[in-house]
Amino acid sequence: MSRIFTGPDGVNRCFWCEGWEPYIAYHDNEWGYPVSDDIRLFEKLCLEGFQAGLSWRTILAKRENFRAAFDGFDFNTVARYTEADVLRLLGDAGIVRHRGKIEAVINNAARAQAVVTREGSLAKWIWSFAPGHPEHAPGDVPAKTPASEALSKALRKDGWKFVGPTTVYAFMQAMGMVNDHMPGCGHHARAEAARAEFIRP
């Protein structure tokens, strides 16, 4: 299978976003571009947890529903959720209704608050695990890396849930901590330029 496809606009893109316009927009405007906002980082880490056993396309299609259901993933609000909120969410057909994953988001919200108290921001702590150099050959994308294993281990030690090294690596890819746009993808250089200009928290 080719690792690149050419869109109707003539731009080469990573193979995985072919065939669905929202996927292409996500690839072009979000995936691989560095993020320093605590709420966005928390949201994406939670959504990657929901993805476990599913496809990212399924989660992306429901993302706005997730945002509405979880108060925009404001972890200061989510940390106050009660069993009544869990039941509300289990009844929401617009999201993935998995009790363990829902409860993990609430648990992780409290863990995020603790990180902010301890480190000053979630972004500062998360970005401290970004690798200083590529950990694999361009185009040879693994399921996990030493950096994702280190961050996963630190998160789990801190009490976070649904943050295995594969989930964490998908998060690192999405949030621009690494640049896994395929060689030949028209957005590889653009993402790399954004990463070069990015000031770490």
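The values are calculated or read from the model by the stated rules, or taken from the named source; none is laboratory data. Since the structure is predicted, the reported quantities are computational estimates derived from the model, not experimental observations. Note that each Cβ is placed from the backbone with ideal geometry, even for glycine, and that neighbours are counted across all protein chains shown. Surface accessibility is based on the protein's heavy atoms, side chains included, excluding ligands, DNA and RNA. Shrake-Rupley method; radii C 1.70, N 1.55, O 1.52, S 1.80 Å.
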Among ALA109, ALA143, ALA196, the single one that is of a type in the set (A, V, I, L, M, F, W, C) and over 16 Å from the mean Cα position of the chain (by Cα) is ALA196
State yes or no: is ALA114 open to solvent by less than 30 Å² (accessible area, probe 1.4 Å) and assigned to a helix (DSSP H, G or I)?
no
Checked GLU83, GLU103 against criteria (in contact with a Lys or Arg (Cβ under 9 Å, 6 or more places away or on another chain) and of a type outside the set (S, T, N, Q)); the one match is GLU103
The lone condition SER36 fails out of (1) open to solvent by 40 Å² or more (accessible area, probe 1.4 Å); (2) closer than 27 Å to HIS188 by Cα; (3) part of a helix (DSSP H, G or I); (4) hydroxyl-bearing (Ser, Thr, Tyr) is (3)
From the option list ILE4, ILE24, ILE59, single residue qualifying as closer than 25 Å to ASP140 by Cα and touching a residue at least 60 places away in the same chain (Cβ under 8 Å) is ILE4
When PHE5 is run through (1) assigned to a loop (DSSP other than H, G, I, E, B); (2) open to solvent by less than 50 Å² (accessible area, probe 1.4 Å); (3) at pLDDT below 95; (4) not polar (S, T, N, Q), the failure sits at (1)
Yes/no for CYS17 being at pLDDT below 95 and surrounded by 18 or more Cβ atoms within 10 Å (Cβ to Cβ) | yes
message: Can you confirm whether ALA196 is surrounded by fewer than 16 Cβ atoms within 10 Å (Cβ to Cβ) and either part of a helix (DSSP H, G or I) or among the hydroxyl-bearing types (Ser, Thr, Tyr) (or both)?
response: yes
Just one listed residue, out of ALA79, ALA104, ALA69, ALA84, is surrounded by fewer than 14 Cβ atoms within 10 Å (Cβ to Cβ), farther than 27 Å from PRO183 by Cα and among the small types (Gly, Ala, Ser), and it is ALA84
Residue under question is ALA25, and the condition is that it be open to solvent by less than 40 Å² (accessible area, probe 1.4 Å) and at pLDDT 95 or above; does it hold?
no
Checked pairs for segment 115-139, first aliphatic (A, V, I, L, M), second surrounded by 16 or more Cβ atoms within 10 Å (Cβ to Cβ) and outside any helix (DSSP H, G or I), C-beta under 6 Å and 6 or more apart or across chains, list as ALA123/SER36; ALA123/PRO201; ALA130/MET177
Scanning segment 148-161 residue by residue, those in contact with a Lys or Arg (Cβ under 6 Å, 6 or more places away or on another chain) and buried (at least 16 other Cβ atoms within 10 Å of the Cβ) turn out to be TRP160
- Task: Answer yes if at least one residue in segment 45-53 is in contact (Cβ under 8 Å) with a residue 40 or more places away in the chain, out of contact with any Gly (no Cβ under 8 Å at 6 or more places or on another chain), crowded, with 19+ Cβ neighbours inside 10 Å and of a type in the set (D, E, K, R), and no otherwise.
- Result: yes
Kindly indicate whether THR58 is of a type in the set (Val, Ile, Thr) and open to solvent by 40 Å² or more (accessible area, probe 1.4 Å).
yes
When every residue in segment 87-101 that is outside any helix (DSSP H, G or I) and open to solvent by less than 30 Å² (accessible area, probe 1.4 Å) is compared, the one farthest from LYS161 (Cα to Cα) is GLY94
